[in-house]
1. Go through (1) modelled with pLDDT under 95; (2) of a type in the set (Phe, Trp, Tyr); (3) not in a helix (DSSP H, G or I) one by one and return the number of the condition Phe12 breaks.
2. Can you tell me which residues in the range 172-205 are surrounded by 19 or more Cβ atoms within 10 Å (Cβ to Cβ) and among the polar types (S, T, N, Q)?
3. Inside the range 115-139, can you point out the residues that are open to solvent by 50 Å² or more (accessible area, probe 1.4 Å), touching a residue at least 12 places away in the same chain (Cβ under 8 Å) and not in a loop (DSSP other than H, G, I, E, B)?
4. Out of Lys188, Lys214, report the one residue that is over 29 Å from Lys79 (Cβ atoms), at pLDDT 95 or above and out of contact with any strand residue (DSSP E or B) (no Cβ under 6 Å at 6 or more places or on another chain).
5. What is the residue count in the range 17-71 for residues that are in a loop (DSSP other than H, G, I, E, B) and either of a type outside the set (A, V, I, L, M, F, W, C) or under 12 Å from the mean Cα position of the chain (by Cα) (or both)?
6. Which of the residues spanning the range 72-114 are among the charged types (D, E, K, R) and not in a loop (DSSP other than H, G, I, E, B)?
7. So Val167 clears everything in (1) of a type in the set (Val, Ile, Thr); (2) open to solvent by 20 Å² or more (accessible area, probe 1.4 Å); (3) part of a loop (DSSP other than H, G, I, E, B) except one condition, right? Which one?
Amino acid sequence: MNKALTIILLTFSVATFSQNLPKGFSYVKDIIPTIQQELRYCSHNNFMGVPANGYEEPVLITSTKTANALKKVQDKLLKKGLSLKIYDAYRPQTAVNHFVKWARVPNDTLTKKQYYPKLNKRHLFRLGYIATKSGHSRGSSVDLTIVNKNSGEELDMGSPYDFFGVVSHTNYAKLSKEQKSNRLLLRKIMLANGFKPYSNEWWHFTLRNEPFPKTYFDFPIK
């Protein structure tokens, strides 16, 4: 195979699995190659039990400004033998609509035991776990945790990602010393690099001074 043909094939391969993102957005891996990920909504392992509409490929996308801020966090964690692990980043409005549709079907409780064992599904809107609009669709909110950079083992945060309940609230007091320390580590390093937390979810952070504060995007994740 000659060199020119190899270049053409490589270019085609990249184009097949990516898209031209809106101006101001980036693929996170292009900026932070070391970051770890588990894009839950691109799988069956999430509170709906099915992949969310709009998640076509397991790739992370955020506003470029957010990705650059996350790189600063990652650089600091790597020096400690740790790494960020992202569960969700940019989320198309199509996926949010899917969440809303799911929440309005009271008999679909396949994942109740794992994700909301003590809650009635019809209360998820009122309690702030499901909404018709999400900051994720603005491109500057992320759901994440901290892991050992070599083993990938998650630090114990006291509750699993996307668990709907008071144990996931940032001010929940009935945690072990280790769990409190791990949550504090995540919170402090995110705050120090320009992010603000969400009181109901220890894993959710939004970039302060986000570039698209009033725009909810709906391009697919691929």
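1. So the condition that Phe12 fails would be (3).
2. Asn182, Asn193
3. Result: Arg122, single match.
4. Answer to the check: Lys214.
5. Counting residues in the range 17-71 that are in a loop (DSSP other than H, G, I, E, B) and either of a type outside the set (A, V, I, L, M, F, W, C) or under 12 Å from the mean Cα position of the chain (by Cα) (or both) gives 23.
6. Pass one, the range 72-114, residues among the charged types (D, E, K, R): 72, 75-76, 79-80, 85, 88, 91, 101, 104, 108, 112-113.
Hits for the range 72-114 are Lys72, Asp75, Lys76, Lys85, Asp88, Lys101, Lys112, Lys113.
7. Failed condition: (3).
The values are calculated or read from the model by the stated rules, or taken from the named source; none is laboratory data. Quantities reported herein were computed from a predicted structural model and do not represent experimental measurements. Cβ: placed from backbone, ideal geometry, glycine included. Neighbour counts: every protein chain shown. The area values use the complete protein model at the heavy-atom level, side chains included, leaving out ligands, DNA and RNA. Shrake-Rupley method; radii C 1.70, N 1.55, O 1.52, S 1.80 Å.
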